[in-house]
């Protein structure tokens, strides 16, 4: 399972965000196979961050709970916003149409 998180942090709250990030960055659960983070400025909304999180098959429910726990401290930041989406690998996505790679 692949989770994609998108979050926005106001420019004037980046120091607060960084402090929390330093506290949680080493707490990635073992069911996460790979976690990549990207960031860019997003005009008036602040810093926009993306996390692509790949978890072991069969652990989606547990992973979603653990990801939520990692992001919960950021919700205290005024103006912080986020969403979590799921995605399929191309190999799994083509299975929807009955095909395979």
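Where a number appears in this text, it was derived from the coordinates with a stated rule and is not lab data. What you see is a predicted model; the values in this text were computed from it and never measured. As a convention, Cβ positions derive from the backbone with ideal geometry for all residues, glycine included, and neighbour counts pool all protein chains shown.
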**Prompt:** Which one of the conditions (1) outside any helix (DSSP H, G or I); (2) surrounded by fewer than 15 Cβ atoms within 10 Å (Cβ to Cβ) does residue 69 fail to meet, given that it meets all the rest?
**Reply:** (1)
**Request:** Starting from residues that are in contact with a strand residue (DSSP E or B) (Cβ under 7 Å, 6 or more places away or on another chain) and in a loop (DSSP other than H, G, I, E, B), keep the ones in the range 1-42 and report whichever is surrounded by the most Cβ atoms within 10 Å (Cβ to Cβ).
**Result:** 1
**Request:** With the checklist (1) free of Cβ contacts under 8 Å to residues at least 40 places away in the same chain; (2) outside any helix (DSSP H, G or I); (3) surrounded by 11 or more Cβ atoms within 10 Å (Cβ to Cβ) in hand, flag the one item residue 52 doesn't pass.
**Result:** (1)
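So that you can scan it fast, the table gives a plain yes or no per residue for (1) surrounded by 13 or more Cβ atoms within 10 Å (Cβ to Cβ); (2) within 22 Å of residue 89 (Cα to Cα):
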{"residue": "44", "(1), (2)": "no, no"}
{"residue": "57", "(1), (2)": "no, yes"}
{"residue": "64", "(1), (2)": "yes, yes"}
{"residue": "73", "(1), (2)": "yes, no"}
